[in-house]
Amino acid sequence: MRRATTLFFVTALMLPVAALSARAVNDAQIAAIVVTANQVDIDAGKLAASSASDPQVKAFGKQMVTDHTGVNKQATDLVTKLGVTPEDNATAQSLKSGGAENVKNLSGLKGAAFDRAYVDHEIAYHQQVLDALDTTLIPSAQNAELKALLVKVRPAFVAHLEHAKMVQKSLK
Amino acid sequence: MPAGRAMFIVLAVLALVAVLAALAVLRTGLAADRTPGRVETLVARNLVRFSIPAGEASRRNPLTGADAWQQGTDLFRNHCALCHGTDGRGATAIGPRMYPPVPDLASPEIQHFSDGALFAVVSHGVSWTGMPAFGRSLGESDRWKLVAFIRRTPSLTAADLAPRGGPNASTRIVMDGTSFHPAETTVESGAPVLWANLDPFPHNVTSESGNFHSGDLAPDGTWVFRPTERGTFEYHCTLHPGMKAVLRVR
């Protein structure tokens, strides 16, 4: 049942990101998407850092907070420097509501069930963001510095995905 | 052993030492241009050893890292080499002309001292010799670095003692885009290697075999390491699986 719930939320998160690839986005929208995507994972990470029972999951959650906060700071600094005002859009909003639902779902779980649900979601989330980076965000970015930043942070998402898969394996 | 008897033995030993010292002075005067005899050297060495309280002599060097002695190299050159020589062997212009002569720190007699005893000697000096006390001029961690260096003196090589440049002179490896650049680096043994984290989140440098570990480096953080063990070392960032590189030490 919990698996099914997790699957539901993961699927719910995938929809907006999948829809993203069909749409062209401008730099202001990319900025909003990047900031929101990071913020969503920071919120989930904070919850895991305090509520996870497995020390590995706790540490992973903490690292997600640190890493995504760092990326967000750099993204915000760049956007400010470029004079771009992040433009809210359907994708950013869906990411936001998907993140809120994930946090709500996780808040109802405890112990090993929480750990599994959080890690499963992290895997799906990072995979989806990677797909979005490759199919939409990086190809659509107009400003060279914005594009460079996306390219620079992409490997971190790969590492997070690998890391989450390792943690998932160790939980079984 | 009753306290009274122990006290008697200590007093007797001290009296004997005083008599021997007085005899030595009567025979030779206070001149320094001679070589101390075997008995005098033996008595003096043991006096130094036994004068160090057991609590101090049993202290362990808290710097357990394999590279602790390297950090002592520059300190030794600046504070000790005038008398002891950069290699600690005491073959300086001053060393052999002192009374007692400056000892060879690599010799078994000195290496026989415990870490804590060496630390006590560096800190408090040795009276009636030229050895000054560094307890007030050098911090505790610097004195332990010197102890680590003294421990290393028997196996020092010329390359170990070569003057080192600042961080600018070192081989530089950057951590950027969650990878090490370059992914393969070759350095001479003892040469400094600098890692710089250019990513907006922490990374670390951890060798697979456990020889070196930087601890987490914050954004813009750097770490300098001077590898001394020769060989090929794979290392990675424990926070980001897949972030791997190789360091070859010739």
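The values are calculated or read from the model by the stated rules, or taken from the named source; none is laboratory data. Worth saying up front: this structure is predicted, and the values here are computed from it rather than measured. Every residue, glycine among them, receives a Cβ derived from its backbone with ideal geometry; neighbour counts consider all protein chains shown.
Tabulated data for the structure shown
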{"item": "Residue list for region A:48-68, restricted to those being away from chain B (no Cβ under 11 Å) and either charged (D, E, K, R) or without any contact (Cβ under 8 Å) to a residue 60 or more places away in the chain (or both)", "result": "A:Ala49, A:Ser50, A:Asp54, A:Pro55, A:Lys58, A:Gly61"}
{"item": "Matching entry among B:Val187, B:Val205, B:Val193 (being β-branched (Val, Ile, Thr), surrounded by 16 or more Cβ atoms within 10 Å (Cβ to Cβ) and within 20 Å of A:Thr66 (Cβ to Cβ))", "result": "B:Val205"}
{"item": "Of all residues in region B:191-221 being among the hydrophobic types (A, V, I, L, M, F, W, C), in contact with a strand residue (DSSP E or B) (Cβ under 8 Å, 6 or more places away or on another chain) and within 13 Å of chain A (Cβ to nearest Cβ), the one that is nearest to B:Ile173 (Cα to Cα)", "result": "B:Leu198"}
{"item": "Filter result for A:Lys169 (within 14 Å of chain B (Cβ to nearest Cβ), part of a helix (DSSP H, G or I) and not aliphatic (A, V, I, L, M))", "result": "yes"}
{"item": "From the options A:Ala141, A:Ala164, residue that is closer than 20 Å to A:Gln74 by Cβ, buried (at least 18 other Cβ atoms within 10 Å of the Cβ) and more than 9 Å from chain B (Cβ to nearest Cβ)", "result": "A:Ala141"}
{"item": "Within region B:58-133, helices (runs of 4 or more DSSP H) holding 3 or more residues that are in contact (Cβ under 8 Å) with a residue 24 or more places away in the chain and either in contact with a Ser or Thr (Cβ under 6 Å, 6 or more places away or on another chain) or not assigned by TED's automatic domain parsing to the domain that holds B:Pro192 (or both)", "result": "B:68-79, B:108-111, B:115-124"}
{"item": "Some residue of region B:8-22 being part of a loop (DSSP other than H, G, I, E, B), loosely packed, with under 13 Cβ neighbours inside 10 Å and of a type outside the set (Val, Ile, Thr)", "result": "no"}
{"item": "Condition met for A:Ala24 (of a type in the set (A, V, I, L, M, F, W, C) and part of a helix (DSSP H, G or I))", "result": "no"}
{"item": "Top-ranked residue of region B:173-184 - restricted to ones that are in a strand (DSSP E or B) and within 14 Å of chain A (Cβ to nearest Cβ), ranked as surrounded by the most Cβ atoms within 10 Å (Cβ to Cβ)", "result": "B:Met175"}
{"item": "Residue in region B:222-235 that is within 14 Å of chain A (Cβ to nearest Cβ), outside any strand (DSSP E or B) and surrounded by 18 or more Cβ atoms within 10 Å (Cβ to Cβ) present", "result": "no"}
{"item": "Test result for B:Thr238, within 14 Å of chain A (Cβ to nearest Cβ), not in a strand (DSSP E or B) and not aliphatic (A, V, I, L, M)", "result": "yes"}
{"item": "Long-range neighbours under 7 Å by Cβ, at least six apart or interchain, first residue closer than 20 Å to A:Val25 by Cβ and within 14 Å of chain B (Cβ to nearest Cβ) within region A:69-86, second surrounded by 19 or more Cβ atoms within 10 Å (Cβ to Cβ) and hydroxyl-bearing (Ser, Thr, Tyr)", "result": "none"}
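The rows are residues; the columns are (1) among the small types (Gly, Ala, Ser); (2) within 12 Å of chain B (Cβ to nearest Cβ); (3) without any contact (Cβ under 8 Å) to a residue 24 or more places away in the chain; (4) not in a helix (DSSP H, G or I).
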position: A:Gly98; (1), (2), (3), (4): yes, no, no, no
position: A:Glu101; (1), (2), (3), (4): no, no, no, no
position: A:Thr135; (1), (2), (3), (4): no, no, no, no
position: A:Lys147; (1), (2), (3), (4): no, no, yes, no
position: A:Pro155; (1), (2), (3), (4): no, yes, yes, no
